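The values are calculated or read from the model by the stated rules, or taken from the named source; none is laboratory data. Just so you know, these numbers come straight off a predicted model, no measurement behind them. Reconstructed Cβ throughout: ideal geometry from the backbone, glycine too, with neighbour counts over all protein chains shown. Ligands, DNA and RNA are stripped out before the accessible areas are found, and what is left, the full protein with its side chains, is counted by its heavy atoms. Shrake-Rupley method; radii C 1.70, N 1.55, O 1.52, S 1.80 Å.
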Amino acid sequence: MNARPQNAEAPAHERFPLKPGKTYGLMCVVPTRTENTGSAAEKQVQSWPAALSRELLLFLVTVVALGLVSYFFNAPLEEPASALHPPNPAKAPWYFLGLQEMVSYSAFWGGIGIPGILVGLAMAAPYLERKRGGEGVWFHHSRSGANWTFLTLMTTLGILTLIGTLFRGENWALIVPW
Amino acid sequence: MSDHDSKAAPKGRREFLTLLSGSALTVAGLATAGASLVYLRPRVTYGPPSRLSVGKPELYGSGSQVALPEAKMVIRRQGNKVAAISTVCTHLGCTVNPSETGFDCPCHGSTYDERGEVTGGPAPKALAWYRCTLAPNGEIVVDKHQVVAADTFLEIQS
Amino acid sequence: MKKIGIATLVAAVLVLGLLGATVARSGTEDWRGWQTRYLEQWKAKGGTGAPPPVEVKQDRLLGFGEERIDRCRSCHVAVDDPLFKDGKEPLRTHVSIAPHSFGEMGCSICHEGDGRALDADLAHGKDHFWPEPLLQGAFIESACARCHVAPYPAEAKHLRRGRELFEKYACVGCHTVQGLSRGNIGIELTDIGNKRKHDFLLQKVEKPRFNVPLTLMPPFHIPEADRIDLVVFLKSLRGPTPIAEDPMERRARLKRFKNESPAEVEVSVEAGKKAFEARGCISCHKLGTADGKLAPDLGYLGLVRSADWVEAHLADPRQHVPGSSMPTFFTSRSERKALATYLTSLNGLTAPAAPAEQYAQLCARCHGEKGGGDGPVAETLVPRPRIFTNAKFFNWLPEERAYKAIREGVPGTAMPPFGKILDEKQAQALFGWVRTNFLGEQRTQPPVPRKVPEKNPVAYSAESVKRGKAAFLERCYGCHGRIGDGKGPNAPDMLPRPRNLTTKLFFKDVPDSRLFESITYGVVGTGMPPWDMLSEDQRWDLVNYVRFLSTTGPAATGRGQ
Amino acid sequence: MSIREVAVADEAGLLGRIYRSIFRVRPVPQTELERSQAVASNFFFHIHSAKVYEETLKFKKTLGLGLFSLFTFVVLVITGILLMFYYVPAPEQAYQRMLDLRGVVSFGTFLRNMHRWGAHAMVGLVILHMMRVYLTGAHKAPRELNWVIGVVLLLLTLFLSFTGYLLPWDQLAYWAIMVGTSIASYAPVVGDQIRFFLLGDDDVGREALLRFYVLHVVVLPAVLSALIGLHFWRIRKDGGLARPSTDE
């Protein structure tokens, strides 16, 4: 590029004269501040290192936590599978015990009906809740109705799972585990 | 991630911290890789063992040569001496057959004499002789990991 | 940023520490220690030759059925090293087991446990979940039968004796073991050794009801040494042996059983006596001084039962008493006749004069010395004997029914007719004695007059039975059981036990009016409550349903006391 | 490549040039430009935008649950691949392989523990993550699709954990799958067909083990990984993590 005195008043095409017969593209990142438009300024930071260092930390925490649990507690291994000796009670994995608990009341509704409705509701949730506002804020006051409905459903499922896991003994009878 | 370069001299506390974490993570990564390799190396195998007992010497009559096809070896007894000779062709690993003159390989026509020395064909070296020892219970133990010179016999008292 | 940096450093150090701890732990396994110790002692004891390397020592065994992997010798390194005769476990020479060899047989085929495990507790099957805990002492012999079929080797003394005891205690009467017996009252035991651990079997043989309160199996009073031998034999029953055998031969061998075609014998008292001894009747019954303490005294059978009755009873005890625990032995008709002849020849009893002695001789065995319904054989009897201390019941029971029961017996139960031993007066005196001695009070009030129709106004029909069944399943099954056999979920807690409603012999003599009465007013002194909240028709439907259950149909209608 | 990079590359020797051909920037980026490039030119970091809103970095905003789920999944993939080296999906062998892992394989117990507890943890973390998203209103427009993908990811996680549950072939596994698949058979009309399809037989057995194994190690992880990629890409396209609108 030829260095020559720049005239600040000159039009853009004269400050950066184009050579005829050559194609130009905008191909490099210029180190400068970017400005947000259309909304008030928000502080942005470089992903590296701000976000990535946090992510690395979370990864290490995950590994350490899983490692510690694995170091001190052994995974269960029961007797070899036998189709002839069902354990009493035979239980599904814990995350299905809420279902199993509901199935013990009504086979169809507990196992298929209610879970299906819940999944359907979950998928439809963002489309049903059309009013804007409250994004990114815990328990935003404008969404307390939705939040309470959601929490109630999750707590119910949690309690059912807890009952199925801890409070069901032989023949699926209610027991006290301690 | 926080990969460090030895050329970047640690300046100030932050760099030192980064360097320290980086080294710890590098060591941890290497140790994990090493441990994975240890994990992947089996401590027991389910094939025929390389160190195996072939029974008491009385099983083998003097002057006899008994083939043990599964163990891929022959046990040869001469008087009070016992030896184990491999029947794996040194060319490409086929199993050789004992013959009148020694051993013949069915795959590419290598031939060996009675001592296992190559007499013809593409085989590059002689058949291996394995170390035989007498276990405390009186059985002969052959260790396939220990190859000994030809004509190395185990003396047995009988 | 600084906080995150420090946290990252801490986490990284923790990861390193965790890795270090894991690696360190994997290097401290038991077997390494034992092998190191072995090598030290081996040198001290003057071992010659090349020392064995420190490694997992695995025996891969293909010769006996499925492939087995045993790593026991990783710790028990010295099993075949004669230098360690006085060593301590696990570094100890195994006693001679020639012609077996460790390399060929492995360890777990005899000792069980988990051959694959390298941790002592897991390897010895101490893990609650492991189905084959280590066999020790006499129990090791049960493994001989994995390969050796009966008759077992002479060295396996406990096993051989266990098999004899299996016949001596008449286990063969109830249980099927392919090739040995064909009883069908108890569960099949052909492969019980694969299903149950030996400590469970030991407990079951000692107290059969420890896990199932209503099982028919009575508690045999077997001395401990016999129990152990018996369990050695039971544990040895693992179905077909793993050794290859001609499939057709095996099938033939397993289908055959010891007394497939029972021998015909001469019908005589002598032959009957011989059969009586051979069949192990004394394991349960009493005769003279021999007493199995589980079943009635046969010393005066000729006075209470006919030869035909005895023969029929031997052919199928449950036609007289449903649910009886008396096994059906596979005998020939002539052997049954001989037994009946012998047993009915036992009639040399003359009734003692005093009621107290009569009671001691005739009643105490079932009803108990103190009338508590807990005589030595009471547990085995179905239904259980009456409890004489139950004042409420006996103050309500009409005296005539008691006298009748003594003289004529109670059909469908173990109560025999004592009519040939006690005359009417003696029976009355006996019951009077029972009343004064056990009830502790005289009959205070006469039975309250009750309004009970003579005839069932609801005709016995499919619809009525169906309605009765619906009411039954709603109200009665908790005690009487879903099929009316008296084994409902509440039954184990009740004394007297709920009535078995399927007993034809008992119910054919019970009139509808008595059934109706029991339903309406309950039975005092028992768990049966009054069901007067049911409509009268519903009660009659229930009566009809009981008729249906006991297969007595409408036949007994109208026949009264 | 910026001018400075070219200059650095030219200065370096052959090794330096090989290094520069792989890593475009200096090990520890010094300027904002280099930081942007560190993210934009790295294959693994490319999922990020070069800059993020500082507000969304706060731990209490997200509790890190999405990332915890992801990292647990990463741990599960790694331990799972290692475990595959010793596993045989056949009824006669599966359980014995478990015994071998416990007994004779170096670190076998530890890896199996990690995989097992990791699987439980992931189910829990994904559920918690979902709760976090809902309770902070992060599922609302324009992030509706990403929420739906998230629900699918939750179902996949459950199914992935469920298929893995059978593989040890012990009593716990066998009967849990028996019960779990029986729940599926309550679906009207097609219920029994679904169960038959899933188990490859009328009951849990050899075929079920093989099917669950293939689902567990190939099909489901592949689908899950693809959807995780989509999930992350959508985060960026939907304008980063949810934060209070500055228009208000």
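Only helices at least 24 Å long along their own axis, judged from Cα atoms, and with Kyte-Doolittle mean hydropathy of 0.5 or greater: name those in chain D from DSSP H. Once both thresholds are applied, what remains is D:65-84, D:108-135, D:144-166, D:220-237.
Checking an interface number: how much accessible area is buried between A and D, summed over both chains, with a 1.4 Å probe, in Å² rounded to 100?
Numbers: alone 16450 and 16120 Å², together 24780 Å².
The buried area between A and D, both sides summed, comes to about 7800 Å².
Between D:Gly16, D:Thr157, D:Val189, the Cα set farthest toward the positive side of the dipole of chain D (charges on each charged residue's Cβ, about the Cα centre) is that of D:Gly16. Rounded, prolate or oblate: which fits segment C:269-344, taking a ≥ b ≥ c as square roots of the Cα gyration tensor eigenvalues, rounded meaning a/c under 1.5, else prolate when a/b beats b/c? Rounded shape, in that the Cα axes give a/c under 1.5.
Sum -39500 (n - 2.57) across every DSSP H segment of at least 4 residues in chain D, then divide by the residue count to get the 222 nm mean residue ellipticity, nearest 500. Each step should come with its number before you reach the end.
Working: 12 runs with 165 residues, N = 248.
Calculated at 222 nm, the ellipticity per residue is -21500 deg cm²/dmol.
Relative intensity of segment C:189-306 on a log10 scale, I(q)/I(0) at q = 0.14, 0.16, 0.17 Å⁻¹, equals -0.89, -1.05, -1.10, per a Debye sum over C-alpha point scatterers of equal strength in the absence of solvent. Taking a straight line from the alpha carbon of C:Lys455, these lysines sit under 19 Å away, with near neighbours fewer than eight places off in the same chain left out: C:Lys508.
With the radius of gyration and the Kirkwood radius both derived from the Cα set of segment C:1-158, what is their ratio Rg to Rh? Intermediate values should be presented prior to the final figure.
Values: Rg = 21.3 Å, Rh = 18.5 Å.
When Rh is taken as the Kirkwood radius, the ratio is 1.16.
Distance between the modelled labels on A:Trp172 and C:Val524, one decimal in nanometres: 4.4 nm (7 Å Cα→Cβ projection).
Peptide D:159-167: average number of partner chain Cβ atoms within 10 Å per residue?
Values: counts 0, 0, 4, 4, 0, 1, 4, 2, 0.
Rounded to a whole number, the mean comes out at 2.
Karplus-based coupling profile of segment A:75-80, in residue order and whole Hz: 5, x, 9, 9, 5, x, with θ = phi - 60° in 6.51 cos²θ - 1.76 cosθ + 1.60 and x standing for Gly or Pro.
Cross-link list C:Lys286/C:Lys420; C:Lys3/D:Lys61; C:Lys370/C:Lys404; B:Lys144/C:Lys85; C:Lys273/C:Lys370; C:Lys274/C:Lys370: which exceed 25 angstrom alpha carbon to alpha carbon?
Check vs 25 Å cut-off fails for B:Lys144/C:Lys85; C:Lys273/C:Lys370; C:Lys274/C:Lys370.
Database note for chain C: Cys without another Cys beta carbon under 4.7 angstrom, C:Cys75, C:Cys110, C:Cys144, C:Cys147, C:Cys171, C:Cys174, C:Cys281, C:Cys284, C:Cys363, C:Cys366, C:Cys476, C:Cys479.
Quick one: plug the Kirkwood hydrodynamic radius of chain D (C-alpha pairs) into Stokes-Einstein at 10 °C, 1.306 mPa s, and report D in µm²/s.
On the way: Rh = 21.3 Å.
This corresponds to a translational diffusion coefficient of 74 µm²/s.
For A:Lys131, a cut-off of 16 angstrom between C-alpha atoms picks up these aspartates and glutamates, skipping any fewer than 8 places away in its own chain: D:Glu144, D:Asp247, D:Glu248.
Just to verify a number: FRET efficiency for C:Trp309 and C:Lys255, C-beta to C-beta distance, R0 = 35 Å, to 0.05? Plugging the Cβ-Cβ distance into 1/(1 + (r/R0)^6) gives 0.55.
Among rounded, prolate and oblate, which fits the protein assembly as shown when a ≥ b ≥ c are the square roots of the eigenvalues of its C-alpha gyration tensor, a/c under 1.5 means rounded, and a/b larger than b/c means prolate? Kindly include the intermediate steps, with their values, before the conclusion.
Numbers: a/c = 3.29, a/b = 1.49, b/c = 2.20.
Cα axes put the protein assembly as shown in the oblate bin.
For segment C:149-255, the alpha carbon positions stretch 42, 30, 23 Å along the principal axes, listed from largest to smallest.
If R₀ is 45 angstrom, what is the calculated FRET efficiency for the pair B:Glu114 and C:Ser96, using the beta carbon separation as r and rounding to 0.05? Walk me through the numbers on the way to the answer.
On the way: r = 39 Å, r/R0 = 0.87.
Efficiency, from the Cβ-Cβ distance: 0.70.
Cβ-Cβ distance of C:Glu399 and C:Glu454, R₀ of 25 Å, FRET efficiency by 1/(1 + (r/R0)^6): the value works out to about 0.70.
How large is the helix-only mean residue ellipticity at 222 nm for chain C, computed as the sum of -39500 (n - 2.57) over DSSP H runs with n ≥ 4, divided by its residue count, in deg cm²/dmol to the nearest 500?
Details: 24 runs with 215 residues, N = 561.
Here the helix-only value at 222 nm equals -11000 deg cm²/dmol.
Please state, as a whole number in µm²/s, the translational diffusion coefficient that the Stokes-Einstein equation yields for segment C:27-112 at 25 °C and 0.890 mPa s, with Rh defined as the Kirkwood radius across alpha carbon pairs. Answer, rounded: 180 µm²/s.
For the peptides C:519-530, C:92-103, B:114-125, residues were scored by their other Cβ atoms within 10 Å and the scores averaged per peptide; the highest-first order is C:519-530, B:114-125, C:92-103.
Could you work out, residue by residue across D:112-123, how many beta carbons of other chains sit within 10 Å of that residue's beta carbon, and then give the average as an integer? Display every interim value, and only then the final one.
Numbers: counts 4, 9, 8, 3, 7, 9, 7, 2, 5, 4, 1, 3.
Other-chain Cβ atoms within 10 Å of each residue's Cβ, averaged: 5.
Centroid-to-centroid, using Cα positions, segment A:127-178 and segment C:231-295 are 64 Å apart.
What total accessible surface area, summed over both chains, is buried at the interface between chains B and D, computed with a 1.4 Å probe and given in Å² to the nearest 100?
Numbers: alone 10510 and 16120 Å², together 25330 Å².
Roughly 1300 Å².
Take peptide B:30-39, look around each residue's Cβ out to 10 angstrom, count Cβ atoms belonging to other protein chains, and average those counts. Please list the in-between numbers first.
Values: counts 0, 6, 4, 0, 2, 9, 8, 1, 5, 12.
Average per residue, whole number: 5.
The amide H of C:Phe418, built 1.01 Å from its N in the peptide plane, has C:Arg407, C:Glu408, C:Gly409 as neighbours under 5 Å, considering only residues 5 or more places off or on other chains.
Among D:Val133, D:Val218, D:Val151, the largest mean-square fluctuation in a Gaussian network model of chain D, built with springs joining Cα atoms closer than 10 Å, belongs to D:Val218. Label separation (D:Phe59 vs B:Leu68): 6.3 nm, computed from points 7 Å beyond Cα along the C-beta direction. Residue separation of C:Glu89 and C:Gln319 scaled by 0.36 nm, minus their Cα-Cα distance, works out to 77.0 nm of gained length. Listed by chain and number, the lysines whose C-alpha is less than 24 Å from the C-alpha of C:Lys255, apart from same-chain residues fewer than 8 away, are C:Lys168, C:Lys195, C:Lys235.
Charged neighbours of C:Lys293, selected by a Cβ distance under 14 Å, balance to -3 (K, R count +1; D, E count -1). Put a dot 7 Å past the Cα of A:Phe73, heading toward its Cβ, do the same for A:Arg132, and the two dots end up 4.6 nm apart.
Hydrodynamic analysis of chain C uses the Kirkwood radius over alpha carbon pairs. Inserted into Stokes-Einstein at 4 °C and 1.567 mPa s, it gives a translational diffusion coefficient of 45 µm²/s.
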